[in-house]
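Colleague: Structure in structure tokens, see below.
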Amino acid sequence: MSKYAFGVDIGGTTVKMGLFDGEGNVLDKWEIPTVKDNSGASILPDVAESILAKLKEKEIREEELMGVGVGVPGPMNEEGTILGGAVNLGWGSFNIPEALGAYIKVPVKAVNDANAAAFGEMWQGGGKGYDSLVAVTLGTGVGGGIIVRGKLLVGAFGAGGEIGHVHIEDAETESCNCGNKGCLEQYTSATGIARLARRYLETHDTPTVLRGEYISAKTVFDAVKAGDEVAKEIAGQFGDYLGKGLAMVASVVNPEIFVIGGGVSRAGEVLLSYIEPYFRKYSFGKCKETKFALAKLGNDAGIYGAAALVLL
């Protein structure tokens with residue numbers, strides 16, 4: 001009998017969904033809107049309805065389905081219970097496998113969305129071939145997922161992998177979105193890199209193509225590729241912060257590889273050239289041998305990782 005699984009990545013705007021076969025090949029992928037009215041009461045019923053419709057369309061029987069994996073933005077324990085709620089969805093605390101299982105009678109597993117993405121990259125992405133890795137997502141914020149010997153490290157309160165909030169700078173006077181000051185996210189996210197650039201331009205008068213331009217992580221790394229010395233200096237500051245932060249992480253979990261994803265990773269290999277030297281500088285002993293790679297699955301990492309929860 002053929003076996004299948006669904007991977008579901010619930011976001012604040014859309015729910016990404018994928019149908020996979022037992023070997024991990026994606027057979028179909030699509031999106032449905034995330035309806036957050038009435039505290040997100042219809043999100044899981046909508047997911048179940050879409051899954052059942054896809055089973056009918058593909059003429060797959062429910063007994064051929066190994067299960068449904070779900071990634072959700074919010075802290076979550078190993079049983080799939082949201083701890084403290086998923087604010088972006090309007091949800092409070094509840095157990096997702098039980099709630100979704102009320103609508104579709106197959107095994108359901110759920111994890112935090114960043115952890116799902118990490119699992120996806122280990123399974124079919126930039127971390128394929130390794131079972132101990134840290135996936136780092138450099139986007140509007142900085143997220144992470146930690147996998148040790150093939151098992152996700154979610155932590156006692158569901159906050160395992162929140163590397164964006166490692167304290168990295170004592171002198172910071174502005175607050176991070178989390179309320180603390182000097183978090184790694186403030187310097188190495190897309191918004192953090194732009195912030196580093198603006199601060200540099202305000203305190204230096206060195207000529208650069210960045211002056212008069214809209215400042216973003218992309219414009220900074222485009223300027224780096226064009227040989228702009230100021231952009232290289234800013235990229236060096238970014239690399240110093242991230243290299244130091246990841247050296248701290250490596251000293252605790254000692255991964256085989258760091259997989260760097262998120263929008264900032266679109267800069268390509270040049271990004272790693274600014275992270276790795278600082279990581280080697282700050283890291284301890286055998287941790288210096290940790291490898292680096294760029295993520296490969298992009299926005300699909302979450303559905304891959306969610307499906308892997310029930311396929312592996």
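Computed from the coordinates by the stated procedures, all read-outs in this text should not be read as laboratory data. Fair warning: this is a prediction, and the values are worked out from it, not measured in the lab. All Cβ positions, glycine included, derive from the backbone under ideal geometry; neighbour counts span all protein chains shown.
Colleague: Would you please put 40-46, 205-211, 242-248 in order of how densely packed they are, using the mean number of other Cβ atoms within 10 angstrom per residue and starting with the highest? Walk me through the numbers before you get to the answer.
Modeller: Values: 40-46: 18.1, 205-211: 13.7, 242-248: 22.9.
For the peptides 40-46, 205-211, 242-248, the packing ranking is 242-248, 40-46, 205-211.
Colleague: Cys176's amide H: which non-local residues (gap 5+, or another chain) put their own amide H closer than 5 Å, with H modeled 1.01 Å from N in plane and none for Pro or chain starts?
Modeller: Residues meeting the criterion, in which the H sits 1.01 Å from N, are Lys181, Gly182, Cys183.
Colleague: Counting Lys and Arg as +1 and Asp and Glu as -1, each charge on the Cβ, what is the dipole of the chain about the Cα centre in debye, to the nearest 20?
Modeller: Around 460 debye, computed over the chain.
Colleague: Just round it to a whole percent: the fraction of Cα-Cα distances in region 168-237 exceeding 14 Å. Walk me through the numbers on the way to the answer.
Modeller: Details: 1368 of 2415 pairs.
Looking at region 168-237, the distances longer than 14 Å represent 57 percent of pairs.
Colleague: Mind listing the phi-derived Karplus ³J(HN,Hα) values for region 229-243, rounded to whole Hz, using 6.51, -1.76 and 1.60 with θ = phi - 60°, and x for any glycine or proline?
Modeller: Calculated HN-Hα couplings, in order: 5, 5, 4, 5, 5, 5, 4, x, 5, 4, x, 5, 4, 5, x Hz.
Colleague: Could I have the simple spin-label model distance between Arg195 and Lys225, label points 7 Å from Cα toward Cβ, reported in nm to one decimal?
Modeller: Those two pseudo-labels are separated by 2.6 nm.
Colleague: Report ³J(HN,Hα) in whole Hz for each residue of region 85-101, in order, from the Karplus equation J = 6.51 cos²θ - 1.76 cosθ + 1.60 where θ = phi - 60°; Gly and Pro get x.
Modeller: Taking θ as phi minus 60°, the curve returns x, 10, 4, 5, 9, x, 8, x, 8, 6, 8, 5, x, 5, 5, 6, x Hz for region 85-101.
Colleague: Please quote Rg/Rh for region 128-296 to two decimal places, taking the Kirkwood radius as Rh and restricting both calculations to Cα atoms.
Modeller: Rounded to two decimals, Rg over Rh is 0.97.
Colleague: Using modelled amide H (1.01 Å from N, peptide plane; none on Pro or chain starts), what sits under 5 Å from the amide H of Trp91, excluding residues fewer than 5 places away?
Modeller: Ala86
Colleague: Of Ala116, Ala267, Ala135, which has the largest mean-square fluctuation in a 10 Å C-alpha GNM of the chain?
Modeller: Among Ala116, Ala267, Ala135, the largest GNM mean-square fluctuation belongs to Ala267.
Colleague: Which entries of Lys29/Lys296; Lys58/Lys128; Lys128/Lys244; Lys16/Lys109; Lys29/Lys56 show an alpha-carbon separation above 22 angstrom in the structure shown?
Modeller: Lys58/Lys128; Lys128/Lys244
Colleague: Given the DSSP H assignment, sum -39500 (n - 2.57) over each helix run of at least 4 residues in the chain and divide by its residue total; what's the result at 222 nm in deg cm²/dmol, nearest 500?
Modeller: My calculation for the chain gives -11500 deg cm²/dmol from helical runs alone.
Colleague: If you don't mind, there's one more thing I want to ask. Any idea what % of Cα-Cα pairs in region 14-81 are farther than 15 Å?
Modeller: 60 percent
Colleague: Under a plain spin-label model, where a point goes 7 Å from the Cα along Cα-to-Cβ, how far apart in nm are Thr14 and Lys56?
Modeller: 2.4 nm
Colleague: For the chain, with a Gaussian network of springs between Cα atoms less than 10 Å apart, report the residue from Tyr130, Tyr278, Tyr214 with the top mean-square fluctuation.
Modeller: Checking each option, the largest mean-square fluctuation is seen for Tyr214.
Colleague: What residue among Gly150, Gly127, Gly192 shows peak mean-square fluctuation when the chain is described by a Gaussian network model with Cα springs under 10 Å?
Modeller: Most flexible of the set in this elastic network: Gly150.
Colleague: Okay, next question. Using the charge dipole of the chain (Lys, Arg: +1 at Cβ; Asp, Glu: -1 at Cβ; taken about the Cα centre), state which of Ser50, Ile147, Ile193 has its Cα farthest towards the positive end.
Modeller: Of the candidates, Ile147 comes out farthest on the positive side.
Colleague: Helix 113-124: angle to the longest alpha-carbon principal axis of the chain, degrees 0 to 90, nearest 10?
Modeller: 90 degrees
Colleague: Apply the Karplus parameterisation 6.51 cos²θ - 1.76 cosθ + 1.60, with θ equal to phi minus 60°, to every residue of region 13-29 and state each ³J(HN,Hα) to the nearest whole Hz, in sequence, with x for glycine and proline.
Modeller: So the J values, rounded to whole Hz, are 10, 9, 10, 8, 9, x, 9, 10, 8, x, 8, x, 7, 7, 9, 6, 8.
Colleague: In square nanometres, what is one fourth of the surface area of the convex hull spanned by the alpha carbons of the chain? Working shown, then result.
Modeller: Values: hull surface 67.3 nm².
Its Cα hull, projected and averaged over all orientations, spans 16.8 nm².
Colleague: Any chance you could give the angle, 0 to 90 degrees and rounded to 10, that helix 269-282 forms with the longest Cα principal axis of the chain?
Modeller: So the helix axis and the longest Cα principal axis differ by about 70 degrees.
Colleague: How high is the relative contact order of the chain? Use alpha-carbon pairs under 8 Å, at least six apart in sequence, and give a whole percent.
Modeller: 21 percent
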